[in-house]
Amino acid sequence: MTASPATEVGDASRLRHQLVQQLHAHNHIRSAAVEHAFRTVPRHVFAPEVPLPVSYADDIVPTCHDDGTITGSISAPWLQAEALACLIREAQEEAGLRIERRDVELVHVVHHIDRAGDRPRMGLFFRARAWSGEPELREPDKCTQWKFWDPAALPDDLVPYTRIAIEGIKNGELYSETGWPA
């Protein structure tokens with residue numbers, strides 16, 4: 001007998017809540033933004049073949065195997081929490097923004113592959129509720145300008161996964177994938 005989708009969602013929510021409590025207890029979650037990410041991004045969708053309790057354990061989750069050798073995995077949650085906190089700080093610094101952690105909300109995650117053969121990447125998209133300073137372009141070789149755009153009138157040359165994230169945010173979706181083989 002398999003669990004109903006409603007039961008699985010409830011179980012995932014309960015396990016996610018327990019994981020957040022454990023990460024707090026070990027001081028791996030130290031900001032509202034990181035806590036929000038762990039409470040809202042469904043970890044189990046990154047490992048659909050793995051039982052829910054394994055997905056939400058504070059350990060790596062092997063996802064790919066080749067002749068008994070692990071060739072892919074999801075990082076341990078404690079490491080993801082630490083990395084996410086660093087990413088938030090770096091993104092703020094690179095953008096020239098001074099954002100307090102309580103003013104940042106993770107609103108979308110895109111798991112994407114740009115081209116066949118490329119390594120998968122994660123795009124994390126945050127909503128800043130407040131900030132001070134002006135955005136500053138620090139990678140002119142990768143980005144043409146910093147500008148606030150109307151979501152209904154985005155530029156044609158927008159990075160494709162960014163367009164997907166904006167659509168997901170407009171639709172209230174927390175997660176999307178692109179570029180993966182069907």
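The values are calculated or read from the model by the stated rules, or taken from the named source; none is laboratory data. Given the structure is predicted, the values throughout are model-derived calculations rather than measurements. Please note: Cβ atoms are built from the backbone with ideal geometry, for glycine as well, and neighbour counts cover all protein chains shown.
Rundown of residues vs (1) of a type outside the set (Asp, Glu); (2) out of contact with any helix residue (DSSP H, G or I) (no Cβ under 9 Å at 6 or more places or on another chain); (3) within 26 Å of residue 40 (Cα to Cα), yes/no style:
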residue: 140; (1), (2), (3): yes, yes, no
residue: 161; (1), (2), (3): yes, yes, yes
residue: 169; (1), (2), (3): yes, no, yes
residue: 178; (1), (2), (3): yes, no, yes
| remark: Taking the stretch 148-172 and keeping only residues that are of a type in the set (Val, Ile, Thr) and over 15 Å from residue 107 (Cα atoms), one is left with 159
| request: Filter the stretch 24-38 down to residues that are over 17 Å from the mean Cα position of the chain (by Cα) and in a helix (DSSP H, G or I) and give me whichever is surrounded by the fewest Cβ atoms within 10 Å (Cβ to Cβ). | output: 25
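Scan the stretch 119-134 for residues that are over 18 Å from residue 47 (Cα atoms) and either free of Cβ contacts under 8 Å to residues at least 24 places away in the same chain or outside any loop (DSSP other than H, G, I, E, B) (or both) and jot them down. Please lay out each step first, then the result.
Going residue by residue through the stretch 119-134, those that are over 18 Å from residue 47 (Cα atoms) are 124-134.
Of everything in the stretch 119-134, those that are over 18 Å from residue 47 (Cα atoms) and either free of Cβ contacts under 8 Å to residues at least 24 places away in the same chain or outside any loop (DSSP other than H, G, I, E, B) (or both) turn out to be 124, 125, 126, 127, 128, 132.
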| Going through the stretch 151-160 one residue at a time, which ones are farther than 21 Å from residue 121 by Cα, without any contact (Cβ under 8 Å) to a residue 12 or more places away in the chain and either under 23 Å from the mean Cα position of the chain (by Cα) or part of a helix (DSSP H, G or I) (or both)? | 152, 153
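Which residue is modelled with the lowest pLDDT, if the candidates are limited to the stretch 21-65 and must be within 23 Å of residue 176 (Cβ to Cβ) and touching an Asp or Glu at 6+ places or on another chain (Cβ under 8 Å)? Outline the logic, then answer.
To start, the set of residues in the stretch 21-65 that are within 23 Å of residue 176 (Cβ to Cβ) comprises 33-50, 52, 55-56, 61, 63-64.
From the residues that got through so far, the ones that are touching an Asp or Glu at 6+ places or on another chain (Cβ under 8 Å) too are 33, 36, 52, 63.
Working: 33: 78, 36: 84, 52: 89, 63: 71.
The extreme case among them is 63.
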| Unmet requirement for residue 109, which otherwise passes all of (1) β-branched (Val, Ile, Thr); (2) surrounded by 13 or more Cβ atoms within 10 Å (Cβ to Cβ); (3) in a loop (DSSP other than H, G, I, E, B) | (3)
| remark: By residue number, the members of the stretch 43-68 that are surrounded by fewer than 16 Cβ atoms within 10 Å (Cβ to Cβ) and either under 15 Å from the mean Cα position of the chain (by Cα) or in a helix (DSSP H, G or I) (or both) are 45, 53, 54
| Just checking, how many residues over the stretch 124-165 are in contact with a strand residue (DSSP E or B) (Cβ under 7 Å, 6 or more places away or on another chain), modelled with pLDDT under 85 and either surrounded by fewer than 11 Cβ atoms within 10 Å (Cβ to Cβ) or not aliphatic (A, V, I, L, M) (or both)? | 6
| Only one of (1) modelled with pLDDT of 85 or more; (2) exposed (fewer than 14 other Cβ atoms within 10 Å of the Cβ); (3) more than 21 Å from residue 85 (Cβ to Cβ) fails for residue 71. Which number is that? | (1)
